[in-house]
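Structure first, commentary second.
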Amino acid sequence: RRAVVSLVILVAAAIFFQILSAYAPRAWAQRVGRVVDGRMSAGIAWGLFYGSVFSFFAVLVAWQARRPKIAWPLKPIVVLVGLLVALPNWLTLWVVLGTTASAHAGERIFDVQAPGFRWASLIGAILGVVAALVLAGILASSRRRKTELSDLKSTIAGQAAEADQRKLEPREDGPNA
């Protein structure tokens, strides 16, 4: 029974992917083409926007899976959500690297209606990933410094309490000895 259910799910997923591969790249290219409308400057601007913003947030969302407060069963879901946030970049990559007729049609649409979008999207994606990693590094460093500062403050407070305690204790080598 499990084998039959698994086979049905596998066949349904394969059919869904075939339908999606025939539709998604062309539809994405047409959407971008309508927005850019054949202008090189708009293609570059939109490419940088899509590439950088969706890569930046995708990395930040996926980075949250490292947090110890997130339970193990949820970590893959967080990473999957991060990958879904980058969907515009995945669709652009699908158009550029795809081998289906829909992907080739999408490339032609990009050439005519969205010049500059592909390369600008790639450059924006690289910039977005780098910016997200730099931000994550800065936040991790500041958290580490905050912990070190807290530890240092507690050490100083402990030493000050010991010094105060020593001042209150009577000395044996004093004038009353």
(message) Keeping all protein chains in the complex and leaving out DNA, RNA and ligands, what accessible area do you get for GLU107 with a 1.4 Å probe, in Å² to the nearest 10?
(response) 50 Å²
(message) Just to confirm, what accessible area per residue do you get for segment 1-133 at 1.4 Å probe, in whole Å²?
(response) 64 Å²
(request) Just order 17-24, 138-145, 95-102 by mean Cβ neighbour count inside 10 Å, highest at the front, would you? (result) 95-102, 17-24, 138-145
(message) Can you match log10 I(q)/I(0) by the Debye sum over Cα atoms at q = 0.09, 0.13, 0.17 Å⁻¹ to one of these, (i) -0.29, -0.62, -1.07; (ii) -0.38, -0.76, -1.19; (iii) -0.53, -0.83, -1.08, based on a calculation from the structure here?
(response) (iii)
(message) Only Cα pairs within less than 10 Å get springs; with that Gaussian network setup on the chain, which residue of ALA131, ALA161, ALA62 has the largest fluctuation?
(response) ALA161
(message) With +1 on the Cβ of every Lys and Arg and -1 on the Cβ of every Asp and Glu, and nothing else charged, how large is the dipole of segment 57-120 about its Cα centre, in debye rounded to the nearest 20?
(response) 440 debye
(message) Classify segment 1-62 from the C-alpha gyration tensor, please: rounded if a/c falls under 1.5, else prolate or oblate depending on whether a/b exceeds b/c.
(response) oblate
(request) Measure off, as a whole percent, the carbon and sulfur share of the 1.4 Å-probe accessible area of the chain, all protein chains present. (result) 68 percent
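The values are calculated or read from the model by the stated rules, or taken from the named source; none is laboratory data. Because the structure is a prediction, the values reported are computed rather than measured. Neighbour counts run over all protein chains shown; Cβ positions are idealised from the backbone, glycine included. When the accessible area is computed, the model is the full protein with side chains, heavy atoms only, and any ligands, DNA or RNA have been set aside. Shrake-Rupley method; radii C 1.70, N 1.55, O 1.52, S 1.80 Å.
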